[in-house]
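A short write-up of the structure that comes next.
Just so you know, all these numbers are worked out from the coordinates, no wet-lab data involved. Just so it is clear, the model here is predicted, and its values are computed rather than measured.
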């Protein structure tokens with residue numbers, strides 16, 4: 001090998017090493033640049049969310065998920081976009097984002113929060129129990145999922161509380177329809193509605209009224225033994241209830257008259273005491 005060839009070989013070796021270092025350096029710079037872009041968009045989203053512009057905040061969070069779907073920030077950004085929409089009552093958009101999160105990241109560490117927020121997004125759309133049945137049923141299903149699958153979380157604790165409220169809402173709906181049938185003298189549909197409250201919503205505030213309504217219906221139909229059965233249940237469990245007193249009047253028509261006499265007598269005695277008290281200072 002002559003000298004010229006030797007020097008050319010050395011030159012190409014050093015040139016290759018130099019290029020290799022430049023490529024590696026450029027690669028590191030690019031990675032840092034991507035990370036910087038992600039953090040910039042994410043932090044801009046946080047800033048806009050704190051400022052109250054939920055729509056622009058969601059847009060910035062979505063940029064992260066769209067441009068950098070393989071980044072660890074992508075699922076966080078999808079969840080934050082959902083929260084941004086929820087915070088300003090854009091429930092439809094929040095639900096869409098949360099369903100996207102659940103499909104794409106089923107094993108994410110914040111999956112429990114996603115399910116809970118989805119339940120809340122349905123729950124807060126409930127305005128009228130007679131109309132918002134879909135929101136009621138969807139929120140109940142999601143809260144039950146949270147309670148069953150994440151029982152030791154704070155989300156499960158609140159979900160249980162919300163489930164109790166939903167039961168009250170559903171019981172209220174059954175009572176509303178039952179009263180309607182009762183007033184229309186449609187006895188069988190009315191009985192079915194009141195029985196549903198007894199069977200499915202026995203822990204709600206409507207259980208006492210449902211028992212009383214069954215007493216009324218069966219007594220009206222001449223089924224005295226059935227009426228007495230529900231009156232006994234009401235008396236055994238809720239003897240101090242106003243609904244028990246109402247049921248009692250169904251069987252004892254004189255009870256209400258006697259109660260009126262007692263109230264009238266008490267009022268009269270109070271007036272006498274009041275007059276005597278005044279006379280002491282005259």
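Need one word for segment 111-203: rounded, prolate or oblate. Basis is the Cα gyration tensor (sqrt eigenvalues a ≥ b ≥ c); a/c below 1.5 gives rounded, then a/b vs b/c decides.
Taking the square roots of the gyration eigenvalues as a ≥ b ≥ c, segment 111-203 is prolate.
Tell me whether segment 117-169 comes out rounded, prolate or oblate; compute the Cα gyration tensor, take square roots of the eigenvalues as a ≥ b ≥ c, and use a/c under 1.5 as the rounded threshold.
Prolate, because a/c is 1.5 or more and a/b exceeds b/c.
For segment 83-158, just say rounded, prolate or oblate: build the C-alpha gyration tensor, square-root its eigenvalues into a ≥ b ≥ c, call rounded for a/c under 1.5, and beyond that prolate if a/b exceeds b/c, oblate if not.
Verdict is oblate for segment 83-158.
Before anything else, pin down the relative contact order of segment 87-157: Cα pairs under 8 Å, at least 6 apart, normalised by residue count, whole percent.
Details: 58 pairs, mean separation 19.6, N = 71.
Relative contact order of segment 87-157: 28 percent.
Using Cα-Cα distances under 8 Å and only pairs 6 or more residues apart, what relative contact order does segment 49-172 have, in percent? List each step's numbers first, then the result.
Numbers: 138 pairs, mean separation 19.6, N = 124.
Relative contact order here is 16 percent.
What do you get for Rg/Rh of segment 153-258 when both radii come from the Cα atoms and Rh is the Kirkwood radius?
Here the Rg-to-Rh quotient is 1.06.
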